[in-house]
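Report on one structure; see the data block that follows.
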Amino acid sequence: MDSSREVLNAVVMNNKIKGSTRKEVVSRRQLGREEEDVDNLAEAFLKNFHNSLNMEREELLKRLHERKARGV
């Protein structure tokens, strides 16, 4: 009788471990997707920021060349 209880307890514990493992895998996948989304947003932000800086630099250089051409 004790051995059947031990087997039953082992099966129950095994199922609990499997259930928590599945949940952990699902949550890891969700975290992976969220991290990927954050990475994509950060990459887009940095690309936009870099483009803005380049445009400002080009405008500044254009104004400097215009000033030189006028002799100021």
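With respect to S3, is the statement that it is exposed (fewer than 10 other Cβ atoms within 10 Å of the Cβ), at pLDDT below 85 and assigned to a helix (DSSP H, G or I) true?
yes
Taking only pairs six or more apart or across chains, which ones have beta-carbon atoms under 8 Å, a first residue in the range 26-53 that is of a type outside the set (V, I, T), and a second residue that is surrounded by 10 or more Cβ atoms within 10 Å (Cβ to Cβ)?
Listed pairs, sorted by first residue: none to list.
The values are calculated or read from the model by the stated rules, or taken from the named source; none is laboratory data. Since we're looking at a predicted model, the values are computed, not measured. Because the Cβ atoms are built from the backbone with ideal geometry, glycine has one as well, and the counts that use them run over all protein chains shown.
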